[in-house]
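Note sheet for the following structure.
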Amino acid sequence: MALATRIPVEIISVDSAQVYRGMDIGTAKPTPAERAQVPHHLIDIEDAAGSYSAGRFVQDAHRLIGEITARARLPLLVGGTMLYARALTAGIHELPLADPAIRARLEAEARALGWPALHARLAAADPVTAARLAPADAQRIQRALEVFELSGRPLSQWHAGEQAHPAPPLRLLLLALEPSRRALLHERIAQRFGEMIAAGLIDEVRALRARAELHAQLPAMRCVGYRQVWDWLEAGAPGGEARDQMIARAVAATRQLAKRQLTWLRSMPERQVIDCLSPDVGRQVGDLVEAFLRGVSGAQPRL
């Protein structure tokens, strides 16, 4: 938002949770005022009962990059879903499309047998993929089994093969906001989740649970924060220590997410790192972007 005061930009969200409608507080969506001030894209484009994928993101992002550039504005891609970022910059495998019937059957089997049982089934069909997934990682276990049933090939073989859709060339400036002090980051994560609770996250999840078509195994409901509040509400929303434990689990899950994001970022040596704990992050970003633009001729870059 600070950059938008210096350069005409439009923001493309790189966030796998902000795509879902009705999930505002727990995803920290930009406020209506912020979205009115600067155009934002790929927010509130999917119902919480549906699903969104890296493949769809790449298609949508390339379309938006072209449209924004045609308006003589700078496409600014912002968010922490690193799988989406990598798919955009490095290309994506042409995996089989989702099959609602297979997914529904797998979810029914998981409700009856538990996801660890389906993880064991995956281990027999695709031991490489199963080895990197936790027995309770419902979303990824389901997708791996779905791919195997649809294609007869393990997901690990798909990933080991050639990319069917290499990334089109993009002129990129990659800026990574990373913390210089991990302890302070953890403090901010705890404070941020507390603010979400105070802002009404529990009521937001309660409203989602009231929709008959939503259940805990949907991709939207497995998002960090939502999953922990959903489970707590499922248990009857007990107060006291149980509520504190729910908050602690959500904070711990967010810390794990941040750790994975940093691991992804450190695999991108081309990135320029800015300390996200610095009081003048906005100025630093603006200076880097303006310097980059001065050194670029021809096609407009994307950030």
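The values are calculated or read from the model by the stated rules, or taken from the named source; none is laboratory data. Source: prediction; values computed, not measured. Backbone-built Cβ (ideal geometry, glycine too); neighbour counts: all protein chains shown.
Beta carbons closer than 6 Å, at least 6 apart along the sequence or on distinct chains, pair a first residue in the stretch 22-43 that is over 21 Å from Leu74 (Cβ atoms) with a second that is of a type in the set (S, T, N, Q) and modelled with pLDDT of 95 or more for Thr27/Gln18; Lys29/Gln18.
Scanning the stretch 263-292 for residues that are in a helix (DSSP H, G or I), closer than 20 Å to Ala90 by Cα and of a type in the set (A, V, I, L, M) turns up just one, Leu265.
Being β-branched (Val, Ile, Thr), in the same structural domain as Gly200 (by TED's automatic domain parsing) and exposed (fewer than 15 other Cβ atoms within 10 Å of the Cβ): is that true of Thr31 here? Answer is yes for this residue. Here the stretch 208-230 is the region considered, the condition is being of a type in the set (D, E, K, R) and in a loop (DSSP other than H, G, I, E, B), and the residue that is surrounded by the fewest Cβ atoms within 10 Å (Cβ to Cβ) is Glu213.
With the condition kept exactly as written, say whether any residue in the stretch 116-125 is assigned to a loop (DSSP other than H, G, I, E, B), more than 30 Å from Pro30 (Cβ to Cβ) and of a type outside the set (Phe, Trp, Tyr). No, the stretch 116-125 has no match at all. Using the structure shown, decide if Ala237 is of a type outside the set (Val, Ile, Thr), in contact with a helix residue (DSSP H, G or I) (Cβ under 8 Å, 6 or more places away or on another chain), outside the structural domain of Ile25 (by TED's automatic domain parsing) and without any contact (Cβ under 8 Å) to a residue 40 or more places away in the chain. Judged against the criteria, Ala237 is not a match. Glu195 passes every criterion in (1) surrounded by 14 or more Cβ atoms within 10 Å (Cβ to Cβ); (2) modelled with pLDDT of 95 or more; (3) under 22 Å from the mean Cα position of the chain (by Cα) apart from (1).
Table: residues versus (1) free of Cβ contacts under 8 Å to residues at least 12 places away in the same chain; (2) in contact with a Phe, Trp or Tyr (Cβ under 8 Å, 6 or more places away or on another chain); (3) not assigned by TED's automatic domain parsing to the domain that holds Gly26.
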position: Ala123; (1), (2), (3): yes, no, yes
position: Asp126; (1), (2), (3): no, yes, yes
position: Arg140; (1), (2), (3): yes, no, yes
position: Ala144; (1), (2), (3): no, no, yes
position: Leu150; (1), (2), (3): no, no, yes
position: His186; (1), (2), (3): no, no, no
position: Ala199; (1), (2), (3): no, no, no
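So which residues in the stretch 206-227 are modelled with pLDDT of 90 or more and aliphatic (A, V, I, L, M)? Passing the criteria: Ala207, Leu208, Ala210, Ala212, Leu214, Ala220, Met221, Val224. Somewhere in the stretch 295-303, is a residue hydrophobic (A, V, I, L, M, F, W, C) and within 23 Å of Ala28 (Cα to Cα)? Looking through the stretch 295-303, at least one residue is hydrophobic (A, V, I, L, M, F, W, C) and within 23 Å of Ala28 (Cα to Cα).
Rundown of residues vs (1) outside the structural domain of Ala87 (by TED's automatic domain parsing); (2) modelled with pLDDT of 95 or more; (3) surrounded by 15 or more Cβ atoms within 10 Å (Cβ to Cβ), yes/no style:
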{"position": "Trp232", "(1), (2), (3)": "no, yes, yes"}
{"position": "Glu241", "(1), (2), (3)": "no, no, no"}
{"position": "Met246", "(1), (2), (3)": "no, yes, yes"}
{"position": "Gln256", "(1), (2), (3)": "no, no, no"}
{"position": "Leu265", "(1), (2), (3)": "no, no, yes"}
{"position": "Ser278", "(1), (2), (3)": "no, no, no"}
{"position": "Arg283", "(1), (2), (3)": "no, no, no"}
{"position": "Gln300", "(1), (2), (3)": "yes, no, yes"}
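Would the stretch 174-186 turn up any residue that is exposed (fewer than 15 other Cβ atoms within 10 Å of the Cβ) and not in a helix (DSSP H, G or I)? Scanning the stretch 174-186 turns up at least one residue that is exposed (fewer than 15 other Cβ atoms within 10 Å of the Cβ) and not in a helix (DSSP H, G or I).
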